[in-house]
Amino acid sequence: MQVLIVEDEKRLADALAQIMREARYQADVAYDGDDGLYYAGNGTYDVIVLDVMLPGKNGFEIATALRRKGIHVPIIMLTARDDVRDKISGLDSGADDYMTKPFVPEELLARIRALTRRQGEVVFEEASFGDLKLNLSTCDLTCGAKTIHLGFKEFEILRILMANPKILISKDTLIEKVWGADSDAEDNNVEAYISFLRKKLHFLNSRVTVSAVRRVGYHLEETT
Ligand code: CA
């Protein structure tokens, strides 16, 4: 699971990242609002821990901007004071949960588990786009009466594309999320798996295609 921490208090941010890694989550940190929005906008996080008071864009603005872009990743907002107005603004702007500093890390971890589990029940067991349904526990892809099994990398690529239908996903992002940041995978590895996926979509007679925007990235499109 991938967590983004947006927090300008460097010591707290780094401590949170450390706690996440100990809980075996992958954690990225952004130390200001503009970086936070940029990272979050690449859309492949499972949860975002978002401070309210930030240099650059504040937490409310970031949450609002993400929801407007159609990014529905769960957001837990952090604030320094237990201000009811902040809480209301946070939830209005699209946050899913709220924590007042200081807090014990175990509570944050518990909230993250609760949020991602809640998502898991609703969204994560099956992803869908157009006429496709992707079973997230078996890696089976179904279109109408036909079902095909996906290899793990094909599955991961399609899962990321389905979860972010309004974003162009770059090859670099796919390499980082599917192969890992320290892998030797290159653009042509991604291209090969995209081509496997396209063949499988064709086999399924799906109306969904993987479109490429040159030098920018991939996204799913549904032809009518
Ligand atoms: Ca702050």
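General remarks:
- Placing a label point 7 Å from the Cα of ASN205 along the Cα-to-Cβ direction, the residues of segment 126-156 whose backbone N falls under 16 Å of that point are 131-133, 142-148.
- Around LEU37: net Lys/Arg minus Asp/Glu count, Cβ-Cβ under 9 Å: -2
- Charged-residue dipole, Cβ positions (Lys, Arg, Asp, Glu), segment 133-188 about Cα centre, Debye nearest 20: 480 debye
- Centre separation in Å (Cα based) which lies between segment 42-104 and segment 192-223: 33 Å
- When only alpha carbons of segment 126-222 are considered, Rg and Dmax amount to 12.5, 39 Å.
- Distance distribution note for segment 38-80: the fraction of Cα pairs above 12 angstrom is 57%.
- Cα extents for the chain along the principal axes, largest to smallest and rounded to whole angstrom: 55, 35, 30.
- Taken about its Cα centre, the chain carries a charge dipole of roughly 740 debye when the Cβ of each Lys and Arg holds +1 and the Cβ of each Asp and Glu holds -1.
- Each other residue within a Cβ distance under 13 Å of GLY130 adds +1 if Lys or Arg and -1 if Asp or Glu, for a net charge of -1.
- Taking every C-alpha pair closer than 8 Å and separated by at least 6 residues, the mean separation divided by the residue count of the chain gives a relative contact order of 13 percent.
- Sequence of ASP182, ASP140 from largest to smallest accessible area, 1.4 Å probe: ASP182, ASP140
- Across segment 2-118, the fraction of Cα-Cα pairs farther apart than 25 Å, rounded to a whole number, is 9%.
- Here is how the number arises for the chain: DSSP H runs of 4 or more residues each give -39500 (n - 2.57), the sum is divided by the residue count, and the result at 222 nm is -12000 deg cm²/dmol.
- Charge sum, other residues only, whose C-beta stays under 13 Å from LYS69's C-beta, Lys/Arg counted +1 and Asp/Glu -1: +2
The values are calculated or read from the model by the stated rules, or taken from the named source; none is laboratory data. Please read all numbers here as calculations on a predicted model, not as lab measurements. Quick reminder, even Gly has a Cβ in these numbers, built from the backbone with ideal geometry, and neighbours come from all protein chains shown. Note: accessible area is taken over every heavy atom of the protein model, side chains too, but ligands, DNA and RNA are not part of it. Shrake-Rupley method; radii C 1.70, N 1.55, O 1.52, S 1.80 Å.
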